[in-house]
Every structure is written in structure tokens, then in C-alpha cells.
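Coordinate-derived values only; no laboratory data. Nothing here was measured: the structure is a model prediction, and the numbers come from that model. No Cβ is skipped: glycine too gets one built from the backbone with ideal geometry, and neighbour counts run over all protein chains shown.
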């Protein structure tokens, strides 16, 4: 059976893939995410079910579980609190690490439910970001280069067939470390755009927007280099290589910057991402991220669960997609056929299937995990 390598990266917009020459050198599909930020999007990717986006957690059988059942040795390296085992992301993996458990930073930043509620207010969020800038919080994660090094080593040491999932975080704002990162003052101003700014002007200037975009494109270039390094560094003769992003980012097109979960936004810059499925002959040039799991499982002859809702793109194309953007007890839902969009904003959302009805609701997790989520900018983590 062929090895399967799934590489994902944070915040990569479909219309910026030209900044990634290695990825762009493949057939790039236009993918639509099933969620609007990392956790619901990657949970739905692994689960191939909208229920996973609604609940913001992996719902089995996951891709890793299916491939493990088919005889694969499974390795997952996903350096973000959004993919914590508390949300089911380690299910099916022989080795899984999100590099966050037991971190000293989490212990320092324990907070109560009251502080979590207060984080939904602009003034509190902006004060927090001045005290704990995004660059400092991202610096608590391992460098993507180190994660890639570990991924190559673990893959090459494993017995085949092998399934590897690696996620890169350094394309997340502030788009780098040290001098590569956006200056803190610019980052805070952009984050506050679209709302009231309590510490001066909230208008991002043309020069500041260029600073953000230049840093973003440079970050994508570095992600691309690491993607190429993984593909060339593994000892596999004919692997299936897949690439996707969890979501994109906004850069002021409708007055907002970045992806901010509590806004429940489903603008194209957030939900349209590049997808590569190298080693699989696919139908069409568009897809949902729900399609990735059945396409990869089908390509290696693994049994595709009947519960999965995505298409095997080797057999059929995808003409319509759904995105659920959950946050606490409401969600925005977006249907599109790539020419038209229908959006229901900030609604009470439930989904009913063979397993019953589930609704969008706040996820109860440990204080450590909540602290880690806040450090990544999810100040009202749901």
C-alpha cells in the first residue's frame, strides 16, 4: 500500500498560493473549508463530517482511524492547542503530539469562566493583546523547522505503510518570528479593525497593509520550503502527497483582518484555500475539505466509512459546499456552488443524522487548554 503524507498549514488563502512555488507547481484545487478557524476546519477534514465542525471536535471514524485499521502506522505532529487530544485529534494515531500538554505557559495563564466571558469585549481583548502580544505567544510553540525535522525522522524510522500528518503554524499571524513578524503595534491595530479601538486610530494605513501582506507572503514562502523538504526528505518511492490549509485570512477587504473566530465570518478569503492531491487523478478543480479523507482512503484501497459525507474526488466532483462557522451557541452557515453563496449569519444551528441531533455549543475543556487557546488569539474560545 502506498504511503500517505498529509501536510496542512495555517491561514493559507487560495489566492495567495503563487507565493508557494513548490505547492503551486502541482495541480491546485480550490478548496472550501467546513469551518472558519482551525479546530472546526481540521476536525471536519479528519472526520469528513459536518457534525465535526458543528461540535468543533473530531468525530470517528477519523481518517487516521481508517488508515490505522487498514494497517498503516500513523504519525500526527500538529503544534497547536486547537488540535489538542481533548478534541479527539489523537484518535487513530500511533504517535500524536500537539506540543502543548503541560506547558509552563498554560500554567501561568489559567483563567476563570468570568475572564473567558470578558474576553468577548473589545476593550478586554485589546488590553490582553498589549500584555501578551501574538508574537510572544506563537514563540511558545516549537519552530516549524523542528517539527518538520521530527516528522521526517519519525516517518523514515517507521514501518510501512505509513500515514503522516504535519501541520505548520508559522503562517499564522504575526507571520514569523523576530524580525520576520509583523510589528506588534501594526498587528494589534489590524486585529481591532472592524470594531472599536481603545488605544488610538483603528484604521490600517496603506503602508501598514503592505507590511502585513509582505510578511504574509514571506511566511508562505517559508512554509512552501518546508513542504518541499518533507516531500523530498521522506524515504518513500511513490507516496500520495496532499496539501491543504485549515482556513485563510482577511486583509481588510471588508474592513476586517485575520480570522477571528468570535466574528463567525465566512468571507471567501477565509474559507477558500488551496488543496493539492498529488498521486490521485481527481475530477474537477474544486472541492470541500470534507473530500480529502475519502479521496485519500479510496486511493489506497481502505474502506471508506458510510458516515463520511465528502466525495472521493477520483470518482466524482464537488459542485456544492457547506461551511459551518460555530462560536459558543451560534453559528454562521454558508452554502455555495462557487458562483452563488447563501449565508445565514449568527443563527441557532443544529444537525441531525443517524446519530441524532447536535447543536452548536461551547466546548468544556481544561483550564490549561483554554489558556493555550487564548494565547493563540481565541480570547473567547468555544
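Quickly work out the residue 237-to-residue 346 label distance, labels modelled 7 Å from Cα along the C-beta direction, and quote it in nm with one decimal.
Each label point is offset 7 Å from its Cα along the Cβ direction, giving 5.8 nm.
Can you tell me which of 277-285, 66-74 comes out highest on packing, and rank the rest after it, using the mean Cβ neighbours within 10 Å?
66-74, 277-285
If you count, for each residue, the other Cβ atoms within 10 Å and average over each peptide, how do 80-88, 31-39, 147-155 line up from highest to lowest?
Working: 80-88: 22.9, 31-39: 28.9, 147-155: 19.2.
The packing order, highest mean first, is 31-39, 80-88, 147-155.
Among 63, 213, which comes first, second and so on when ranked by fewest other beta-carbon atoms within 10 Å?
Going from sparsest to densest Cβ surroundings: 213, 63.
Quick check on the exposure proxy: order 264, 49 from fewest to most C-beta atoms within 10 angstrom.
264, 49
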